[in-house]
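*Asks:* Sharing a structure here in structure tokens format.
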Amino acid sequence: MKLRMIIIGFGNIGQGFAKVLNVKYNFLLENFGISPRVVAIVDSKGAAVSPKGLDIEKALYVKRFRGTVAYYPEHGKLGVTGLEVLGNVDAEILVEATPTNIVDGEPGLSFMLEAMRTGKHVLTANKGPLAIAFPTLWEESKKHNVQLKFDAAVGGAMPVISLAEHCLFGNRILSIRGVLNATTNFILTKMGENLCSVEEAIKEAKEKGICETDPLYDLKGIDTACKIVILANALLKRRASYKDLQKVEGIEKINVEDLREARKKGYTIKLVGLADESKLLVEPMPISFNDKICVNDTLNAVELKTDLAKEIIIVGHGAGPMETASKMLNNMIEIFQTDLRMR
């Protein structure tokens with residue numbers, strides 16, 4: 001069965017998802033009966049639209065060498081916006097992959113709301129709209145009878161949200177505690193191992209492609225803060241937004257001496273997001289080397305405390321286009337299967 005998608009945002013995440021669709025096409029068809037078709041791709045300069053489906057390899061080539069999919073042969077056009085595409089192109093799913101904006105969630109927030117109003121399911125890895133306006137997005141999805149899937153916004157390939165939703169029936173999640181940012185975890189790991197400065201660790205992270213050119217969101221704890229807000233809403237059923245965080249402190253003030261002193265006591269320092277019924281915060285915390293969430297390098301770890309199952313620990317790779325795309329692919333399959341059951 002054909003599944004038509006519009007991809008808005010064709011940077012690392014959007015391209016990563018497109019590549020995975022291409023690689024997994026036969027797998028999806030043989031195992032799930034899904035024939036994915038990307039009918040539109042939109043970036044900041046324009047769009048490529050074809051109801052019959054775009055050639056993903058060609059779209060990736062054009063984006064790489066021309067800078068925008070608007071130069072896609074025959075089907076590309078400069079200046080076309082995401083809202084115009086959503087209003088005029090038939091599809092079942094919007095894949096929203098624009099950059100994160102924690103000020104007002106735009107332009108992703110408007111794209112998601114417009115998709116819902118035009119009867120499209122939303123699949124996203126964009127933390128901004130979810131951290132700013134989760135209750136609104138959730139209510140709109142129910143109002144228009146569409147699905148909102150956002151597992152890839154937290155933890156990359158780690159099945160945090162899906163595990164809680166599908167494998168913990170009957171349990172009440174009491175609290176969430178996690179190392180949720182790969183960049184800061186890598187930096188703190190290198191500082192602890194090599195006794196180097198934050199600046200030296202950042203330089204190594206950039207050389208390895210782990211760190212953004214401007215890692216401000218990571219270093220200040222903003223990325224972790226967005227993720228813990230999303231988890232609090234999704235798993236604790238809180239109606240919270242970014243402004244409800246009680247504390248957001250990053251790692252800029254952490255130095256080698258702090259890590260050295262912590263090590264003497266059997267601890268290290270990790271940037272931790274914490275949420276329960278009353279708390280919602282992010283800060284560097286001393287963590288025992290024996291603690292299950294004490295992971296190193298680019299690994300992420302999340303602890304869910306429940307009333308029946310006690311502690312559940314999830315560890316995995318929390319960053320990277322392919323890791324994120326793997327979770328988006330899983331969400332796409334879930335949307336398809338739920339739709340199929342409801343027909």
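The values are calculated or read from the model by the stated rules, or taken from the named source; none is laboratory data. Everything quoted here is computed from the prediction, not taken from an experiment. Glycine also receives a Cβ, built like all others from the backbone with ideal geometry; neighbour counts cover every protein chain displayed. For accessibility, only protein heavy atoms count, side chains too; no ligands or nucleic acids. Shrake-Rupley method; radii C 1.70, N 1.55, O 1.52, S 1.80 Å.
*Asks:* Nearest 500 deg cm²/dmol is fine: what mean residue ellipticity at 222 nm does the chain get from its DSSP H runs of n ≥ 4 alone, each adding -39,500 (n - 2.57), divided by its residue count?
*Replies:* Computed mean residue ellipticity for the chain: -13000 deg cm²/dmol.
*Asks:* Further, regarding this structure: Going 7 Å from the Cα of Ser110 along its beta-carbon direction, which residues of the range 119-140 have the amide nitrogen within less than 15 Å of the resulting point?
*Replies:* Within reach of a label on Ser110, which here means backbone N under 15 Å from a point 7 Å along Cα→Cβ, the range 119-140 contributes 129.
*Asks:* In this model, which of Lys190/Lys247; Lys220/Lys305; Lys227/Lys310; Lys63/Lys247; Lys149/Lys253 are farther than 28 Å apart at the alpha-carbon?
*Replies:* Lys63/Lys247; Lys149/Lys253
*Asks:* Additional query: Obtain the nm distance between the two label points defined at Ser162 and Met1 by a simple spin-label model: each point lies 7 Å from its Cα along the Cα-to-C-beta direction.
*Replies:* Calculated label separation equals 1.8 nm.
*Asks:* Oh, and also: Please report the base-10 log of the normalised intensity I(q)/I(0) for the range 1-157, using a Debye sum with one equal scatterer per alpha carbon and no solvent, at each q in 0.11, 0.15, 0.16 (1/Å).
*Replies:* Normalising to I(0) and taking log10 leaves -0.39, -0.75, -0.86.
*Asks:* For the range 157-204, just say rounded, prolate or oblate: build the C-alpha gyration tensor, square-root its eigenvalues into a ≥ b ≥ c, call rounded for a/c under 1.5, and beyond that prolate if a/b exceeds b/c, oblate if not.
*Replies:* Prolate shape, in that a/c is at least 1.5 and a/b is the bigger ratio.
*Asks:* Which order do Arg177, Arg172 take when ranked by solvent-accessible area (1.4 Å probe, heavy atoms of all protein chains), largest first?
*Replies:* Arg172, Arg177
*Asks:* Right, here's the next one. Which entry in [x] 57, 46, 38; [y] 71, 44, 42; [z] 64, 47, 38 is this structure's computed Cα extents along the principal axes in Å?
*Replies:* Correct label, based on the coordinates given: [z].
*Asks:* Rank by packing, highest mean first: peptides 178-189, 158-169, with packing defined as the count of other Cβ atoms within 10 Å averaged across residues.
*Replies:* My ranking of the peptides, most packed first, is 178-189, 158-169.
*Asks:* Which whole-Hz ³J(HN,Hα) couplings does the range 234-240 yield from phi under the Karplus relation 6.51 cos²θ - 1.76 cosθ + 1.60, θ = phi - 60°, glycine and proline marked x?
*Replies:* Listing the rounded values in order: 6, 9, 9, 6, 7, 10, 10 Hz.
*Asks:* List, in order, the whole-Hz ³J(HN,Hα) value for each residue of the range 159-168 obtained from phi through the Karplus relation with A = 6.51, B = -1.76, C = 1.60 and θ = phi - 60°; use x for Gly and Pro.
*Replies:* x, 5, 5, 5, 5, 5, 6, 10, 10, 10
*Asks:* May I ask you to derive the relative contact order of the chain, considering only C-alpha pairs under 8 Å and at least 6 residues apart, and to give it as an integer percent?
*Replies:* Reported as a whole number, the value is 18 percent.
*Asks:* Tell me, what ³J(HN,Hα) does each residue in the range 263-278 have, in order and in whole Hz, if you take phi through Karplus 6.51 cos²θ - 1.76 cosθ + 1.60 with θ = phi - 60° and put x for Gly and Pro?
*Replies:* 4, 4, 9, x, 10, 10, 10, 10, 7, 10, x, 9, 9, 8, 5, 10
*Asks:* Between Arg239 and Lys253, what is the spin-label point distance in nm, taking each point 7 Å from the Cα along the Cα→C-beta axis?
*Replies:* Distance between the two pseudo-spin positions: 3.4 nm.
*Asks:* Looking at the chain only, what percent of DSSP beta bridges run antiparallel? Nearest 5 please.
*Replies:* 65 percent
*Asks:* Right, here's the next one. Going by alpha carbons, how many degrees (0 to 90, nearest 10) lie between the helix axis of 198-207 and the longest principal axis of the chain?
*Replies:* Long axis of 198-207 versus the principal axis of the chain: about 30 degrees.
*Asks:* While we're looking at this one, here's another question. Arranged from highest to lowest average of other beta-carbon atoms within 10 Å per residue, in what order do the peptides 275-288, 6-19, 192-205 appear?
*Replies:* With the highest mean Cβ count within 10 Å placed first, the list reads 6-19, 275-288, 192-205.
*Asks:* If you stretched the chain out fully between Asn88 and Ser197, how much longer would it get, using 0.36 nm times the residue separation minus the C-alpha to C-alpha distance?
*Replies:* Difference between extended and current length: 34.0 nm.
*Asks:* While we're looking at this one, here's another question. In terms of modelled amide H atoms, which long-range or inter-chain residues lie less than 5 Å from the amide H of Val272?
*Replies:* Amide H neighbours of Val272: Glu283, Met285.
*Asks:* How far, in nm, would the chain grow between Glu74 and Lys45 when pulled straight, counting 0.36 nm per residue and subtracting the alpha carbon separation?
*Replies:* The span from Glu74 to Lys45 would gain 8.8 nm if fully extended.
*Asks:* Quick one: net charge of Gly82's neighbours, Cβ under 10 Å, K/R +1, D/E -1?
*Replies:* Neighbour charge sum, excluding Gly82 itself: -4.
*Asks:* Compute the long axis of helix 321-342 from its Cα atoms, compare it with the longest principal axis of the Cα atoms of the chain, and write down the angle in degrees, 0 to 90, nearest 10.
*Replies:* Roughly 60 degrees, rounded to the nearest 10.
*Asks:* With the Cα gyration tensor of the range 4-73 giving a ≥ b ≥ c as the square roots of its eigenvalues, does the rule (a/c under 1.5 for rounded; else a/b larger than b/c for prolate; else oblate) give rounded, prolate or oblate?
*Replies:* prolate
*Asks:* Direction-averaged shadow area of the convex hull around the Cα atoms of the range 240-321, nm²?
*Replies:* 7.3 nm²
*Asks:* Would you mind listing how long the range 101-225 runs along its three principal axes, going by Cα atoms, in whole Å with the largest first?
*Replies:* 53, 37, 20
*Asks:* Quick one: which of 107-113, 223-229 comes out on top by average Cβ neighbours within 10 Å, and what's the full order, highest first?
*Replies:* Final packing ranking: 223-229, 107-113.
*Asks:* Right, next: Is the C-alpha gyration tensor of the range 82-123 telling us rounded, prolate or oblate? Criteria: a/c under 1.5 is rounded; beyond that, a/b larger than b/c is prolate, otherwise oblate.
*Replies:* Here the range 82-123 falls in the prolate category.
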